[in-house]
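Have a look at the structure below, then the notes.
Laboratory data are not the source of any read-out in this text; all were calculated from the coordinates shown. What you are looking at is a predicted structure, and each value in this text was computed from that prediction instead of being measured. Cβ sites come from the backbone with ideal geometry, for glycine too, and all protein chains shown count toward neighbours.
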Amino acid sequence: MTEASSTVAAPSPSLEALVGRAERAGMGVPPVEAWNPPFCGDIDMEIRADGSWTYEGSPIGRERLVRLFSSVLRKDEDGRTYLVTPVERLGIRVEDAHFLAVEMSRDERAEGPVLTFRTNVGDVVEAGPNHPIRFGLGGKDGGFEPYLLVRGRLEAKLTRALAFDLADFVEEDDGGAFVRSGGTRFLIGPGR
């Protein structure tokens, strides 16, 4: 294996231009939902099920770059995910969820328990009516797979460890099993 083939490929000019435009859009989460740029094609970028990002098959190892790309991510009504700047929209692939929820805390408040999650890209989200938890059934072991709406249509899948932690907060009544957060009940099982 040559030295060149063992390193991460240099970004293409179009990727470098996208990075530049995203950086100029400012730090934090820009208003990508309000932007309506033209579709400029697909790029060979993927968010894998383990939360890692690749470009042209090579890992994107710089956390700052991944966070930057995650800030201009949008899932449209067509079900596809795009990197969006004010001047272009580029399609990317997502293997499962856009993010991973990697940390969770539970606080008691007047309205009841509140679950707060941190994602692998630094988003902090309180589960509630604006950030619901949904449960998919399946996975390798057939168990439940919890997902949290982070922003827009972008979701974070809870890591396996967090899913087990969340299971400690499952309650049951005549309506079935559920988790509560922010004054909202999130039902577990088919039919939500």
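Listed values, structure above:
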{"item": "Net charge contributed by nearby residues that have their C-beta within less than 9 Å of Val29 (K/R +1, D/E -1)", "result": "0"}
{"item": "Ordering of 87-99, 44-56 by burial proxy (mean other Cβ atoms within 10 Å per residue, highest first)", "result": "87-99, 44-56"}
{"item": "Antiparallel bridges, percent of DSSP beta bridges restricted to the stretch 39-192 (to nearest 5)", "result": "85 percent"}
{"item": "Radius 9 Å from Cβ of Glu95, net charge of other residues (Lys, Arg +1; Asp, Glu -1)", "result": "-1"}
{"item": "Centre separation in Å (Cα based) which lies between the stretch 88-102 and the stretch 60-84", "result": "6 Å"}
